[in-house]
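Engineer: Pasting a structure here, questions to come.
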Amino acid sequence: MSGVDVIGTRLGLGCARLGSVLGCDRADALALVQTAYDRGIRFFDTANIYGQGESERMLGAALGSRRKQTTIVTKAGQYFPMWMRAARPLKGVIAPLIRRSGGGRQLLAKTRDAALPQDFSQGYLQVCIDASLRRLKSDYVDLLLLHSPPADIIVRGEAVGHLEKIKAAGKAVSIGISCEDTESALLALNDPRIGAIELPLWPMTKEIEVALDRARQRAILVIGRGLMQAAAPNSDGDRWPAARATLSEAMARGDIGRVLVGTTRLTHLARVLDAFQEQDETCS
């Protein structure tokens, strides 16, 4: 498989930071998505809470008429507490200040790490998908995932049933679960209704290998995230050499359907895509 084919069929752009205070501004976000598309990426992963909806909004604006040539994944089930929603109108003012402030970035990062409230009821999931479609400027998503549900929600299965109704209404082509850990992924794989799981795959463990094997047996799409963050930095503090080696290993596997590259920087995205272009030039 050529590097161009790998980019189009195995890589995806993780859009978690698009529109967030710790991410990039609108112009840079639009340029990032458009560059990813122009260089062959057709898989985009977002969620209704990313950037308080701005990630989906920017993705819809950047793709425009090219939407049907892409695969869009979004998630539902989490929401921001009232105080965060009340602060949203001030985001445009405070975002540039926080991005320039080391202390501000650290404080906000700690706030982001706190668990968000969740609601996996039929009514809330329906509200989520309708709002997501408006922001994405689309009448469907290719894949709708429950966003990090706890074990009891996965086991009971009612929330997946709610996703089935959304799918039956034509608002999602496929459904699945975005998991926080391997244990949740293994529980999710017991549900015959799901078509995909997303989870952090690195560093690779025996438990993850078990989950990958089970997903392969059931022909479930596995979306891997966290590769760049899990890569160990070298003596110069650069994570890319380790990340590049791990990325090459992941591409050689047949049980990882998509690997997400999560970044807001064009230089980081280009470094990943250039690696596959260099692979083509070396082989030609």
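The values are calculated or read from the model by the stated rules, or taken from the named source; none is laboratory data. Because the structure is predicted, anything quoted here is derived from the model rather than measured. Cβ atoms come from the backbone with ideal geometry, glycine included; neighbour counts cover every protein chain shown.
Residue-wise test of (1) without any contact (Cβ under 8 Å) to a residue 24 or more places away in the chain; (2) among the basic types (Lys, Arg); (3) within 18 Å of Gln78 (Cα to Cα); (4) exposed (fewer than 14 other Cβ atoms within 10 Å of the Cβ).
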position	(1), (2), (3), (4)
Ser132	no, no, yes, no
Asp139	no, no, no, yes
Gly195	no, no, no, no
Glu209	yes, no, no, yes
Arg216	no, yes, no, no
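Engineer: Can you tell me which residue is nearest to Arg66 (Cα to Cα) among those in region 141-158 that are of a type in the set (A, V, I, L, M, F, W, C) and surrounded by 21 or more Cβ atoms within 10 Å (Cβ to Cβ)?
Structural biologist: Once the filter is applied, the top-ranked residue is Val141.
Engineer: The conditions are (1) out of contact with any helix residue (DSSP H, G or I) (no Cβ under 8 Å at 6 or more places or on another chain); (2) in a strand (DSSP E or B), and Ser174 fails exactly one of them. Which is it?
Structural biologist: Of everything listed in (1) out of contact with any helix residue (DSSP H, G or I) (no Cβ under 8 Å at 6 or more places or on another chain); (2) in a strand (DSSP E or B), Ser174 misses just condition (1).
Engineer: Step by step: first the residues of region 199-220, then only those that are β-branched (Val, Ile, Thr) and part of a helix (DSSP H, G or I), then the one that is farthest from Ala250 (Cα to Cα). Which residue is that?
Structural biologist: Of everything passing the filter in region 199-220, Val210 is farthest from Ala250 (Cα to Cα).
Engineer: Take the residues in region 175-185 that are within 19 Å of Leu143 (Cα to Cα) and of a type outside the set (Ser, Thr, Tyr); name whichever of them is surrounded by the fewest Cβ atoms within 10 Å (Cβ to Cβ).
Structural biologist: Per the criteria, the residue is Glu180.
Engineer: Taking the residues in region 18-29 that are at pLDDT 90 or above and either small (Gly, Ala, Ser) or within 18 Å of Thr74 (Cβ to Cβ) (or both) as candidates, determine which candidate is surrounded by the fewest Cβ atoms within 10 Å (Cβ to Cβ).
Structural biologist: The selected residue is Ala27.
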